[in-house]
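The values are calculated or read from the model by the stated rules, or taken from the named source; none is laboratory data. Because the structure is a prediction, the values reported are computed rather than measured. Cβ atoms come from the backbone with ideal geometry, glycine included; neighbour counts cover every protein chain shown.
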Amino acid sequence: MLNRVVFEQKLTKETFTELHQYKKVAVLVDENTKANCYPIVKDLLPDHHLIEIKSGEEQKHLGTCEQIWQSLTDLRFDRKSFLLNLGGGVIGDMGGFCAATFKRGIDFWQMPTTLLSQVDASVGGKLGVDFGKLKNHIGVFRIPEKVVIHSGFLSTLPAEELRSGYAEVLKHCLIADSKEWNKLIAKPISDQNWEEVIPHSVAIKEGVVESDPQEKGLRKILNYGHTVGHAIESYLLDIPNRKLLHGEAIAVGMICEASLSSKNTGLTEEELKEVSSALLSVYGKVALNDEDIPQLHDYLMQDKKNEGEQINCSLLAGIGEAVFDKFVTWEEIQQSIDFYRS
Ligand code: NAD
Ligand code: MG
């Protein structure tokens with residue numbers, strides 16, 4: 001399998017046997033994964049060093065990479081050394097990027113500890129950091145030696161982070177699996193069995209990524225909800241008390257883009273109602289005012305995927321079926337936001 005993902009219900013010393021082949025091992029954590037996740041693996045690992053960075057997306061930049069590269073250098077890591085990235089998507093993307101570039105690349109594993117990183121960020125080989133305001137602007141594609149997914153880590157994850165990651169789980173079903181969608185929406189998030197839900201969600205992403213690793217075509221369907229969602233996320237980021245987590249913004253984007261799908265790509269009115277009421281029941285409604293609309297316009301128009309005045313979206317042809325490279329106008333997007341607000 002391209003991504004070398006393993007699911008471990010229980011972590012034991014055997015989980016980490018392969019790490020004994022490395023001369024030196026380091027574990028990268030942030031303060032939250034050091035407190036909550038590292039104690040679970042500490043005594044199962046071979047002798048190792050701990051590298052700690054501050055948590056948060058604000059840390060995901062080249063300055064922090066320099067710190068990590070410096071730590072590896074101080075520890076005299078060579079090409080036979082190894083990095084274990086224990087944390088959410090920030091640790092995975094940045095630690096993976098540091099490992100992939102340190103001395104032209106050392107082996108590393110991803111050990112994702114948030115729902116978002118278990119079903120999304122750790123799968124697909126995209127690594128990197130932000131550059132100023134530009135998200136994931138600097139990076140590489142590199143497949144880790146292994147991705148070890150242990151859903152037990154989720155027990156300490158704050159509820160809002162779990163809910164945020166769940167948006168990507170729902171997205172995977174909407175673009176590729178209507179049966180799983182029906183199963184998920186029949187239960188509240190608190191009743192989901194992550195042991196089953198996560199492998200299923202990963203399999204969908206892996207299937208898409210394997211058919212198009214470099215995002216030349218089909219992989220774009222993973223962007224469903226993200227065109228409008230990203231614009232809303234970026235716009236609200238700097239407004240006091242209105243900042244959304246990624247998944248919360250994507251949930252808004254998925255409703256707007258379901259509305260666009262019903263106008264353009266064959267999603268039925270009934271399906272649109274189902275998608276929107278299921279998402280609203282999990283995420284509630286985000287207040288968007290008339291004054292927000294021109295600002296959203298500016299963010300949407302900056303999207304790299306646009307062609308001229310046309311905005312590129314991935315949309316639904318039905319629940320469980322997605323299409324990509326669908327171009328819509330700003331007027332159509334505005335109507336879809338009006339649908340969301342109505
Ligand atoms: P994150 O890594 O910031 O984690 C969210 C918060 O949860 C942090 O405060 C973290 O310290 C804390 N945390 C992590 N695990 C915990 C646990 N088990 N218990 C308690 N607290 C815990 O964010 P994220 O949502 O995991 O990932 C977001 C990042 O992932 C973004 O930078 C995004 O660009 C990236 N991403 C990458 C890809 C990709 O394909 N590479 C895909 C999607 C997202
Ligand atoms: Mg996303």
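Please work out which one of (1) hydrophobic (A, V, I, L, M, F, W, C); (2) at pLDDT 95 or above; (3) within 28 Å of E206 (Cα to Cα) is the condition I51 fails and give its number.
(3)
Cβ-Cβ distance below 6 Å, separation of 6 or more or different chains: which pairs start in segment 216-240 with a residue that is among the polar types (S, T, N, Q) and end on one that is within 16 Å of ligand 1 (Cβ to nearest atom) and outside any helix (DSSP H, G or I)?
N223/S314
Restricting to helices (runs of 4 or more DSSP H) lying wholly in segment 175-278: which have 2 or more residues that are closer than 29 Å to D338 by Cα and among the acidic types (D, E)?
Hits in segment 175-278: 246-264.
Would you be able to tell me the number of residues in segment 132-143 that are surrounded by 14 or more Cβ atoms within 10 Å (Cβ to Cβ), in contact with a strand residue (DSSP E or B) (Cβ under 7 Å, 6 or more places away or on another chain) and within 16 Å of H230 (Cβ to Cβ)?
Matching residues across segment 132-143 total 1.
What are the residues in segment 98-117 that are in contact with a Leu (Cβ under 8 Å, 6 or more places away or on another chain) and within 9 Å of ligand 1 (Cβ to nearest atom), if any?
T113, T114, L115
Report, by residue number, each residue of segment 22-35 that is surrounded by fewer than 17 Cβ atoms within 10 Å (Cβ to Cβ) and in a helix (DSSP H, G or I).
The answer is E31, A35.
Enumerate the pairs (first residue in segment 47-74 and touching a residue at least 12 places away in the same chain (Cβ under 8 Å) and under 11 Å from V129 (Cβ atoms); second residue anywhere and more than 10 Å from ligand 1 (Cβ to nearest atom) and assigned to a helix (DSSP H, G or I)) with beta-carbon separation below 6 Å, excluding pairs fewer than 6 apart on the same chain, so at least 6 apart or on different chains.
That search, which allows pairs on different chains as well, returns C65/C98; I68/C98.
How many of the residues in segment 46-83 are assigned to a helix (DSSP H, G or I) and within 27 Å of L157 (Cβ to Cβ)?
Summing the residues that are assigned to a helix (DSSP H, G or I) and within 27 Å of L157 (Cβ to Cβ) in segment 46-83 gives 9.
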